[in-house]
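One structure below.
The values are calculated or read from the model by the stated rules, or taken from the named source; none is laboratory data. Since we're looking at a predicted model, the values are computed, not measured. Quick reminder, even Gly has a Cβ in these numbers, built from the backbone with ideal geometry, and neighbours come from all protein chains shown. Each accessible area value is taken on the protein alone, full model and side chains, heavy atoms only, with ligands, DNA and RNA left out. Shrake-Rupley method; radii C 1.70, N 1.55, O 1.52, S 1.80 Å.
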Amino acid sequence: MALKDGDNSKKSIEVDYAKVENPKSSGVVIIPKNLDVSLEADAKNVEFKGLNLNNLFGLASVNKGEVFLKNTSFDVVGSRMKIDARYQDESPLTANYDIALNVLDFDVQRAYNEIDMVREMATAAKNVKGIVSLDYKLKGDFDKNMTPIYPSLEGGGVVNLRDVEVKNLKMLSAVGDNIGAKAFNNPDMKGVNIETHIKNNLIHVDKFTFKVSILRPTISGTTSFNGLLDLRVRVGILPGGLIGFPIVVTGTHEKPQVKIFSKKGQGIVDALYNEKSNKVIREERRAEKKTKRQQRKEKEAQEQKAKNAEKQVSKDLKEK
């Protein structure tokens with residue numbers, strides 16, 4: 001770690017300055033720029049930031065200040081993970097990475113209890129027990145303590161709920177309470193595939209359908225790493241779910257708000273992240289509710305702005 005004391009006495013001025021300004025930070029791992037090395041790794045146990053990786057095997061290489069893992073696999077929290085990854089430091093305080101991972105037979109509760117990133121990225125996992133598989137790609141940045149900067153994350157993939165039990169998930173329980181269906185406290189999600197996409201601290205969920213007794217709910221929408229919800233639920237009430245009614249879920253994971261027979265939610269304004277400075281410019285937040293009068297005024301202002309721009313273009317052409 002760049003700012004930790006070690007055997008290298010020939011640290012750069014940049015590292016010295018960073019250490020003085022950030023005395024409690026570890027910095028990121030600095031990769032030598034003068035190495036071109038490739039090796040086949042076979043390690044029985046690797047520990048990184050409290051995470052134990054066992055039976056690691058794969059191809060590791062260093063080239064022009066970047067580290068690559070190719071066709072690498074290891075055991076983590078009892079499941080086998082396959083991974084391709086790239087890492088590069090940008091300064092003693094920042095780094096970037098991209099990763100493609102495939103995980104088979106992942107124990108959700110064990111992962112939630114043992115891996116910090118799972119608890120932070122998937123807060124709902126605390127209500128899920130069972131086995132899932134994961135096929136996902138992500139890219140993002142590390143901060144000055146080698147911790148992922150969540151607003152920098154981009155990517156997507158599929159989670160397969162092979163054999164799971166979802167009990168008392170507040171969002172689903174709130175839907176069940178509002179329509180008088182207690183079965184929402186323990187829905188059947190075995191074999192369901194959930195596809196999601198991540199950008200600007202928001203998680204966009206594609207439509208997926210599952211079973212609740214004789215009902216066939218379909219869910220899609222947006223949630224955030226900070227727990228905000230803007231989800232659409234359609235509850236199918238006939239065999240096959242051909243006829244149903246819409247529901248909107250807003251609020252947060254801890255305090256969901258449910259509207260029956262509604263399709264109008266309350267959007268989430270995404271976070272803004274500056275890749276050059278590695279700074280979060282704006283946290284994600286709930287979109288403001290606007291009256292029809294406000295919406296009309298904004299529309300009129302936009303139309304007037306467009307007309308003015310058109311006039312300016314015409315004026316510029318005449319002058320030429």
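Restricting K144, K126 to residues that are assigned to a loop (DSSP other than H, G, I, E, B) and at negative phi narrows the list to K144.
The rows are residues; the columns are (1) part of a strand (DSSP E or B); (2) in contact with an Asp or Glu (Cβ under 6 Å, 6 or more places away or on another chain); (3) under 16 Å from I99 (Cβ atoms); (4) not polar (S, T, N, Q).
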residue	(1), (2), (3), (4)
I30	no, yes, no, yes
K33	no, no, no, yes
N45	yes, no, no, no
L53	yes, no, yes, yes
G58	yes, no, yes, yes
V62	yes, no, no, yes
F68	yes, no, yes, yes
D75	yes, no, no, yes
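In the range 27-56, the qualifying residues are those that are within 22 Å of E114 (Cα to Cα) and of a type in the set (A, V, I, L, M, F, W, C), and the one that is farthest from the chain's Cα centre (by Cα) is A43. Scanning the range 30-59 for residues being out of contact with any Pro (no Cβ under 9 Å at 6 or more places or on another chain), touching a residue at least 40 places away in the same chain (Cβ under 8 Å) and surrounded by 14 or more Cβ atoms within 10 Å (Cβ to Cβ) gives a total of 1. Just to be sure I understand, how many residues within the range 184-203 are hydrophobic (A, V, I, L, M, F, W, C) and either touching a residue at least 40 places away in the same chain (Cβ under 8 Å) or farther than 17 Å from K129 by Cα (or both)? Qualifying residue count, the range 184-203: 3. The test for being of a type in the set (F, W, Y), open to solvent by less than 80 Å² (accessible area, probe 1.4 Å) and in contact (Cβ under 8 Å) with a residue 24 or more places away in the chain does not hold for F245. Candidates G221, G244, G240, G265: the one that is at pLDDT 90 or above and of a type outside the set (A, V, I, L, M, F, W, C) is G221.
Filtered by the rule that a residue be touching a Pro at 6+ places or on another chain (Cβ under 9 Å), of a type in the set (V, I, T) and either open to solvent by 60 Å² or more (accessible area, probe 1.4 Å) or within 20 Å of N200 (Cα to Cα) (or both), the range 248-269 gives a lone residue, T250. Every condition in (1) part of a helix (DSSP H, G or I); (2) modelled with pLDDT under 85; (3) open to solvent by 30 Å² or more (accessible area, probe 1.4 Å) is met by N178 except one, and the failing one is (2). Does A100 satisfy the criteria of being open to solvent by less than 40 Å² (accessible area, probe 1.4 Å) and in a strand (DSSP E or B)? Answer is yes for this residue. Checking each residue in the range 255-281 for being in contact (Cβ under 8 Å) with a residue 12 or more places away in the chain, over 16 Å from N178 (Cα atoms) and in a loop (DSSP other than H, G, I, E, B) picks out K264, G265, Q266, G267, D270, A271, E275, N278.
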